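Read the structure below first, then the notes.
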């Protein structure tokens, strides 16, 4: 048999004082490349299109004792020059829900993540204004995209970088700071996320104070006992039971009750300068439970593995002596095998490289959908004679769809094969529906057509794309199609 391939505490301050998405143009171009291969179990794989989503904690979307609410902003917010509550002017200049690789979303009443607006940023999923009491939060979260790195699922190891930045704004803008360029490092299920903190220092006792702070490396989260998988990592950051030094902060750390704890020491140290310090550790206030670090989620696509290096050549030597006895002559002379006549082959109809153009997708609820026909494949097979039973099969697989800066998995593409042939031995492959996992749809090799005998045929397929809107920012996407033939 041969194979052919064609290729996301009570405030001491108080004591002192849309998301639409344009339809994406989706084009699948045919190419000629080796089918993807993934790292063997226990090996290290590169990953791309990694995502990082985190709502930090309930307080980061909760109601503030002054200034309305606390909220997240995409990107680094510039210098406003003083500690003050943001109005429309500040919002127009600084409030963003998208900045490069980073977006800000919050859940709606159906649990779907949507982009807040300046007018809805202080509302919960039911559309009610958030308050300072427990359980009241917008649930807004920051989402990083296009991270890159390496994972070893068998060893629970990972190293991934997430370029971009987000800003945490408290008291409606009175104090804010940013974190940029996150880095995940996990070894044996234990690790941390680091980043660079920046922002401006102020003081609840002296609101005239406004000092630019130096960029400072900090630990964003530490954790242990996580499971690194082939598709992502779910992490509950350390908080409960974490002790920190709060010297210079707004209050001492209180170490009693089920929710006492803290964010990492370097995170707290930086926020002693911003004026937010006690929001990142237990201070004995009624809202201490809202400070507990929220779980975070990391997803990624395992890239095709690099081909193994060619092994060095060597010799195996042996000397065979003259036989002391001769083999018995066979009774019947050996009959040479009969060689077949004819040949098997396939090509795109018309002789040019083929593929499909799915044109422009349309939005259907929470998904973008598109259809298109695969260019016809002509199979030639006039083999006769010989000693073998002749058969053949065609299979296909697609890479991730890539627009240059955004990607989504080929799992969101499916097909309905069809064949035209004079022989009943030729059968189309089964219908493959678009999926969601990395081994669904055409992200893995799927049968296009097969024949139990030597027979020519014309092979077609209707391609169906269905990709969630949050997975596909607007753009023109191209995927690599690999057709494999076995005869």
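The values are calculated or read from the model by the stated rules, or taken from the named source; none is laboratory data. Computed from a predicted structure; not experimentally measured. Cβ: placed from backbone, ideal geometry, glycine included. Neighbour counts: every protein chain shown.
What number of residues in region 165-189 are assigned to a loop (DSSP other than H, G, I, E, B) and within 20 Å of the chain's Cα centre (by Cα)?
Just the residues of region 165-189 that are assigned to a loop (DSSP other than H, G, I, E, B), to begin with: 174, 188-189.
Those still in the list that are within 20 Å of the chain's Cα centre (by Cα) too: 189.
Of the residues in that region, 1 qualify.
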- Message: Quick check on region 453-466. Is at least one of its residues touching a helix residue (DSSP H, G or I) at 6+ places or on another chain (Cβ under 8 Å), surrounded by 22 or more Cβ atoms within 10 Å (Cβ to Cβ), assigned by TED's automatic domain parsing to the domain that holds residue 385 and modelled with pLDDT of 90 or more?
- Response: yes
- Item | Sole residue being under 33 Å from the mean Cα position of the chain (by Cα), on the phi > 0 side of the Ramachandran plot and in the same structural domain as residue 480 (by TED's automatic domain parsing), chosen from 396, 441, 435 | 441
- Note on the structure: By residue number, the members of region 372-413 that are assigned to a loop (DSSP other than H, G, I, E, B) and within 30 Å of residue 164 (Cβ to Cβ) are 399, 400, 403, 404, 405, 406, 409
- Task: Would you please name the residue that is farthest from the chain's Cα centre (by Cα), looking only at residues in region 146-164 that are buried (at least 19 other Cβ atoms within 10 Å of the Cβ) and in a loop (DSSP other than H, G, I, E, B)?
- Result: 156
- Message: Among the residues in region 47-59, are any at pLDDT 95 or above, part of a helix (DSSP H, G or I) and closer than 24 Å to residue 165 by Cβ?
- Response: yes
- Is it the case that residue 283 is assigned to a loop (DSSP other than H, G, I, E, B) and either out of contact with any helix residue (DSSP H, G or I) (no Cβ under 8 Å at 6 or more places or on another chain) or in the same structural domain as residue 199 (by TED's automatic domain parsing) (or both)? yes
